[in-house]
C-alpha cells in the first residue's frame, strides 16, 4: 500500500531531475555542507509548495527564478508569504544572478544564515 507521501516524493524527484543550469550550479555549492557547514536540501515540500533549496536548521529557503517568473510575480509573492507564515526566510535570485554572480549569491545566502 502506498503512503500519503508517495505523490510528494515522486513530485520532488521529478523536480530534481528537471533542474535548470542555475539550480545545478547553486546546488553544487550548497550540497554536502559546502557552504559554511550548513545542511541544505533541494525540492523540499513545505505545505502545498516545493522550495528549490532549504536549510531547515536555519529556516531559510532559497528560490531560483527563471524568466517565466516575470509573468507570475503575484503568485510568487503569495508563495513567499505562505512560506514566511510557516516561519521561513525566503531569498529569491534570478537564474542570471546565480550563473553570472555566483559568489555574490553565495555571500548573501551566508549572510542570511549567520
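The values are calculated or read from the model by the stated rules, or taken from the named source; none is laboratory data. None of these values were measured; they are calculated from a predicted model. Please note: Cβ atoms are built from the backbone with ideal geometry, for glycine as well, and neighbour counts cover all protein chains shown.
Summary table
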| quantity | calculated |
| --- | --- |
| Selection from the range 98-112 of residues that are in contact (Cβ under 8 Å) with a residue 40 or more places away in the chain, touching a strand residue (DSSP E or B) at 6+ places or on another chain (Cβ under 9 Å) and surrounded by fewer than 17 Cβ atoms within 10 Å (Cβ to Cβ) | 112 |
| Scope the range 56-94; condition part of a helix (DSSP H, G or I), surrounded by 12 or more Cβ atoms within 10 Å (Cβ to Cβ) and at pLDDT 95 or above; matching residues | 82, 83, 84 |
| Residues of the range 49-68 satisfying the condition of being farther than 20 Å from residue 110 by Cβ, in contact (Cβ under 8 Å) with a residue 12 or more places away in the chain and more than 11 Å from the chain's Cα centre (by Cα) | 66, 67 |
| Residue list for the range 17-40, filter: in contact (Cβ under 8 Å) with a residue 12 or more places away in the chain, surrounded by fewer than 14 Cβ atoms within 10 Å (Cβ to Cβ) and outside any loop (DSSP other than H, G, I, E, B) | 21 |
